[in-house]
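These notes concern the structure reproduced below.
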Amino acid sequence: MKGSEYGLLLNKAGKNRYFNADAHEKLIRCVTRTNGAPRDDLVAWGGVGVAEFMGVEGIIGQFSEIQKLHTRRGGFGRHADHEVYSFSQRAESRIRENGMDVDRIARKMAYDFWERDHCQVVYGVHKPDGNDSRLHIHFAINPVDYTTGNKRRENTRQTRERQERFGEIVRKASAR
């Protein structure tokens, strides 16, 4: 079974998105549902490359500190990347039937960003609610590589390959 049969990964970085200096803060608050919006769809949240014990405020500060490593002529560019993995109906049914730990699945997916791009990641697992018809995971990614200070670049091929890796994570979790 191909990775896309387990779910779909959407890269929401888009042109002219997340360029404001507070974009990472707003995105992290949205992903963790600490933005004051009255939604009751958060299943779990966590982070990789960040000290979770410092809470959302501390994580926002950590993203800001790493972003200070990035220097370039001109504007900063994106202050956050946003990707969403939406589980397929089949994968969602397996998760429910087998009582799979979606927090563990999301954390493994977040490690993929960390290991490949050396980026801090905050994830939020959200259950279906309103316009969202499937269980899904939002990823707020710091686009600055903490080892080099360079920006992360993602193209369609890389997003497709990540979707395949994420599908493999779900496949392995459902095989247990």
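The values are calculated or read from the model by the stated rules, or taken from the named source; none is laboratory data. All values derive from a computational prediction rather than experimental measurement. Backbone-built Cβ (ideal geometry, glycine too); neighbour counts: all protein chains shown. All accessible areas refer to the heavy atoms of the entire protein, side chains included, with ligands and DNA or RNA removed. Shrake-Rupley method; radii C 1.70, N 1.55, O 1.52, S 1.80 Å.
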Task: Residue within region 119-129 that is closer than 20 Å to LYS172 by Cα, hydrophobic (A, V, I, L, M, F, W, C) and under 14 Å from the mean Cα position of the chain (by Cα) present - done: yes
- [ ] Return yes or no: is GLY149 under 19 Å from PHE19 (Cβ atoms), over 15 Å from the mean Cα position of the chain (by Cα) and open to solvent by less than 10 Å² (accessible area, probe 1.4 Å)?
- [x] yes
Open item on the list: Looking at region 86-101, can you tell me whether even one residue there is within 18 Å of the chain's Cα centre (by Cα) and among the aliphatic types (A, V, I, L, M)?
Closed with: no
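Any idea which residue in region 20-40 is surrounded by the most Cβ atoms within 10 Å (Cβ to Cβ), counting only those that are at pLDDT 90 or above and part of a loop (DSSP other than H, G, I, E, B)?
Within region 20-40, the subset at pLDDT 90 or above is 20-35.
Imposing the further condition that a residue be part of a loop (DSSP other than H, G, I, E, B) reduces the set to 20-22, 32-35.
Working: ASN20: 13, ALA21: 10, ASP22: 13, THR32: 22, ARG33: 18, THR34: 16, ASN35: 14.
This residue is THR32.
Based on this model, can you work out whether GLU97 counts as surrounded by fewer than 18 Cβ atoms within 10 Å (Cβ to Cβ), among the charged types (D, E, K, R) and assigned to a helix (DSSP H, G or I)? Let's see the steps before the verdict.
Values: surrounded by fewer than 18 Cβ atoms within 10 Å (Cβ to Cβ): yes; among the charged types (D, E, K, R): yes; assigned to a helix (DSSP H, G or I): yes.
In short, yes.
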- [ ] Give region 55-79 a look and list any residue that's surrounded by 13 or more Cβ atoms within 10 Å (Cβ to Cβ) and either of a type in the set (A, V, I, L, M) or part of a loop (DSSP other than H, G, I, E, B) (or both), or say none.
- [x] VAL56, ILE59, ILE60, ILE66, LEU69, HIS70, PHE76, ARG78, HIS79
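Report whether or not VAL125 is open to solvent by less than 10 Å² (accessible area, probe 1.4 Å) and closer than 23 Å to ARG29 by Cβ. So that I can check it myself, show each step before the final result.
Details: open to solvent by less than 10 Å² (accessible area, probe 1.4 Å): yes; closer than 23 Å to ARG29 by Cβ: yes.
Against the criterion (open to solvent by less than 10 Å² (accessible area, probe 1.4 Å) and closer than 23 Å to ARG29 by Cβ), VAL125 qualifies.
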TODO: Kindly check whether there is at least one residue in region 111-133 that is at pLDDT below 95, within 29 Å of THR71 (Cα to Cα) and among the small types (Gly, Ala, Ser).
DONE: no
- [ ] Report whether or not GLU164 is under 27 Å from GLN62 (Cβ atoms) and either open to solvent by 20 Å² or more (accessible area, probe 1.4 Å) or part of a loop (DSSP other than H, G, I, E, B) (or both).
- [x] no
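For ILE137, state whether it is out of contact with any strand residue (DSSP E or B) (no Cβ under 8 Å at 6 or more places or on another chain), open to solvent by less than 80 Å² (accessible area, probe 1.4 Å), of a type in the set (A, V, I, L, M) and at pLDDT 90 or above.
Working: out of contact with any strand residue (DSSP E or B) (no Cβ under 8 Å at 6 or more places or on another chain): no; open to solvent by less than 80 Å² (accessible area, probe 1.4 Å): yes; of a type in the set (A, V, I, L, M): yes; at pLDDT 90 or above: yes.
No.
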